[in-house]
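Presented below is the structure to which this report refers.
The values are calculated or read from the model by the stated rules, or taken from the named source; none is laboratory data. The structure presented is a predicted model; accordingly, all values stated were derived computationally and were not measured. All Cβ positions, glycine included, derive from the backbone under ideal geometry; neighbour counts span all protein chains shown.
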Amino acid sequence: MNDLEEALRRTLAGAAGQAPHAPITLTGTVETRYRRRRNRTRAALAAAAVVALVGGATFALKGGTPRAMPATPPTGTLPPPIEKVWPRAIHDIPARLPDGHAFRPYQFIDERTLLVTPEYETKLPDAVYAYDVRTGATRKITDLPDGTALYPDGLVAGGGRVMWWTVPGNGRGQLWSAPLSGGPPHLVASLPMDDGGVDAMAVVGEQIVFSVQEGGVFTVPFRGGTVKPVKGGGDSHLLPWPWIGRPGMASADGEPMFGTIRNVKTGETDTAFTRPGDEMVRCDRDICVGWTARGAFTRLRDGSHERPDPCAERPQLVTPGRFCPELVRGRGPAREILHDRKTGRSAVMGNARSSMLGIVPNMGQKLMFYTVQGRMRVVDLTKIP
């Protein structure tokens, strides 16, 4: 398997991680809704994630039907390197921890400290570490209990603590917390579960706010207590707080993903602009992507700043987000280009022979990471103006 194939494998694995071994749902209506929508969710994920490179052309599953797209033509002028375009966002660090293990970064705890877990070939991560990007020093924050399920954005830090969810395999899902300063993990809540999963978590004051993949936004004190549904959030998903929205990946009948969002604090609502002929529209808090007969587009939720989506050939088409990668093929080595859908700026990340891309594919994109010439490059997306 070459590096490009490995990059695709990691991307597909990330998409699969959005439908983990077993979900956290609550009871009653959530479980009923889940069973009704599960198949649509899986179909949407499959259609979103599967992209095959055949004979230089890309075939993307559109509405469950393969749709051929032309290969990216040779590019005469590439954008500047990413370290020239967004230098404050770049951290070049060793690709392994001091003990020799590979690792996965999740988010920055502060200006210089990454929240990471080790990666093993045959088992799930067993601990959470703080990694200093300037010195390479590591500090164990806490051990992870057996049965922890860690997928994209499975760890969230805030309020001086780190939170995650687990699937111990006993019919219950669990939320855990530990102090960032170090200490044993604390079981915050134990919940009935089905097989959907937690799709987003955040820290708001002293509460964990989370949503489940099949719909429903909830809160629980991170020191433990009662899980409570957010008013009016029974069929919604968590976006950057205080926004929640619907429908999620299980959207049906052509309804845009996160077409309607609501500010929990103010009651303000926002409905994404669409026009006749739009298909597979996927939105987040700010940006939508989708298809028309003319090809893929990206635009702001209000319909402004519409332009062709530069990342239409990649599985990330269905992850709206502000940032997306494009693989440019032509004369010489293929190049990975990072596009800012909001501003239209772009930068070369590296060539496809030497870079393996890892994206945190959630609605609150904060990091990208990839390897170049044996080192890991972490892109802190929060530092891009």
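The table for this structure:
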{"read-out": "The range 344-371, residues that are at pLDDT 75 or above and not in a strand (DSSP E or B)", "value": "344, 345, 366"}
{"read-out": "Conditions (1) over 24 Å from residue 107 (Cβ atoms); (2) of a type in the set (D, E, K, R); (3) surrounded by 12 or more Cβ atoms within 10 Å (Cβ to Cβ); number of the one not met by residue 268", "value": "(3)"}
{"read-out": "Checklist (1) more than 21 Å from residue 374 (Cβ to Cβ); (2) over 21 Å from the mean Cα position of the chain (by Cα); (3) crowded, with 16+ Cβ neighbours inside 10 Å; (4) not acidic (Asp, Glu) applied to residue 93, failing item", "value": "(1)"}
{"read-out": "Residue 296, sole failed condition from (1) part of a strand (DSSP E or B); (2) farther than 15 Å from residue 324 by Cβ; (3) not charged (D, E, K, R)", "value": "(2)"}
{"read-out": "Subset of the range 233-281 [among the basic types (Lys, Arg), at pLDDT 90 or above and under 29 Å from residue 208 (Cα atoms)]", "value": "262, 265"}
{"read-out": "Check on residue 248, under 17 Å from residue 197 (Cα atoms), out of contact with any strand residue (DSSP E or B) (no Cβ under 6 Å at 6 or more places or on another chain) and buried (at least 18 other Cβ atoms within 10 Å of the Cβ)", "value": "no"}
{"read-out": "Where a residue in the range 219-234 is of a type in the set (A, V, I, L, M) and its partner, wherever it lies, is assigned to a loop (DSSP other than H, G, I, E, B) and crowded, with 17+ Cβ neighbours inside 10 Å, with Cβ under 7 Å and at least six apart", "value": "220/227; 230/264"}
{"read-out": "Test for residue 204: is it in contact (Cβ under 8 Å) with a residue 12 or more places away in the chain, out of contact with any strand residue (DSSP E or B) (no Cβ under 7 Å at 6 or more places or on another chain) and among the β-branched types (Val, Ile, Thr)", "value": "yes"}
